[in-house]
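Let me begin by presenting the structure, written as structure tokens, before commenting on it.
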Amino acid sequence: GAVVSQHPSWVICKSGTSVKIECRSLDFQATTMFWYRQFPKQSLMLMATSNEGSKATYEQGVEKDKFLINHASLTLSTLTVTSAHPEDSSFYICSARGFFGPGTRLTVL
Amino acid sequence: QQQVKQSPQSLIVQKGGISIINCAYENTAFDYFPWYQQFPGKGPALLIAIRPDVSEKKEGRFTISFNKSAKQFSLHIMDSQPGDSATYFCAASRMDSNYQLIWGAGTKLIIKP
């Protein structure tokens, strides 16, 4: 199947700093990618839809100024968690065409 | 209308047995129904998927049964093995939505040796 990569696989940062997570489709182009977050023992929660060449679409309750999404090319979308706080600690996963990246574990101290 | 209901929440099956997980949907516009397998600390991996024009799809030990009239679909894992222990998610989507998936709540499957 198609391959989606994420980088980094895990990150630990101090409260107040910003963290960027990259999502790449390795063997196909994706005009649309999705960003999810997942809390322990829960299902995936859609945060936003990343659209190449246009603004991301955010789900209700997701702060667009806190979770900045940039779909720079047909194979790359980035999620930046700005001014991260401990409550932002979670597992962030991207997807494209129904295939998922391996996820990024964010821990904010 | 957008919900996908999944059951059971957890399931314990003896090695060699059949694991069955069920999902129900409401939106008749859905036309793509995948199942994902997720191990702890990993992203979901596409296991098998079905479209509503067929009633069953089999890949190895994994089978999806689809009942369009009842708006239900299920995953059957034959000859379940300890390595199948994971969380399984069903989902539904419209193909014209770029695979924007509506997720079930997940089923934690434990296969006892």
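Read-outs: derived from the displayed coordinates by stated rules, not from any lab. Everything numeric in this text was worked out from a predicted model, so none of it was measured. So basically every Cβ, Gly included, is an ideal-geometry build from the backbone, and we count neighbours across all protein chains shown.
Data for the structure
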| read-out | value |
| --- | --- |
| Chain A - percent relative contact order, Cα under 8 Å, separation 6 or more | 38 percent |
| Size of electric dipole in chain A: Cβ of Lys, Arg +1 and of Asp, Glu -1, about Cα centre, debye, nearest 20 | 140 debye |
| Shielding by other protein chains, B:100-106, mean Cβ within 10 Å | 4 |
| Cys with no candidate disulfide partner in chain A (beta-carbon separation under 4.7 Å rule) | A:Cys13 |
| Order by protection proxy (mean Cβ within 10 Å, highest first), peptides B:83-95, B:20-32 | B:83-95, B:20-32 |
| Cβ-placed point charges (K, R +1; D, E -1), dipole of region A:5-53 about Cα centre in debye, nearest 20 | 300 debye |
| Listed residue pairs exceeding 25 Å between alpha carbons, taken from A:Lys64/B:Lys71; B:Lys71/B:Lys112; A:Lys55/B:Lys5; A:Lys41/B:Lys5; A:Lys66/B:Lys5; A:Lys20/B:Lys108 | A:Lys64/B:Lys71; B:Lys71/B:Lys112; A:Lys55/B:Lys5; A:Lys66/B:Lys5; A:Lys20/B:Lys108 |
| For B:29-41, mean number of other protein chain Cβ atoms within 10 Å | 2 |
| Most positive-pole-ward Cα, B:Ile12, A:Ile12, B:Ser93, against dipole of the protein assembly as shown from beta carbon charges | B:Ile12 |
| Relative contact order (percent, whole number), chain B, Cα cutoff 8 Å, 6+ residue spacing | 37 percent |
| Cα centre as origin, Lys/Arg/Asp/Glu Cβ charges: chain B dipole, Debye | 240 debye |
| Spatial separation of Cα centroids for region B:37-113 and region A:18-88, in angstrom | 24 Å |
| Average other protein chain Cβ within 10 Å of Cβ, residues A:85-93 | 1 |
| Rounded D (µm²/s) - the protein assembly as shown, Kirkwood Rh over Cα pairs, Stokes-Einstein at 4 °C, 1.567 mPa s | 72 µm²/s |
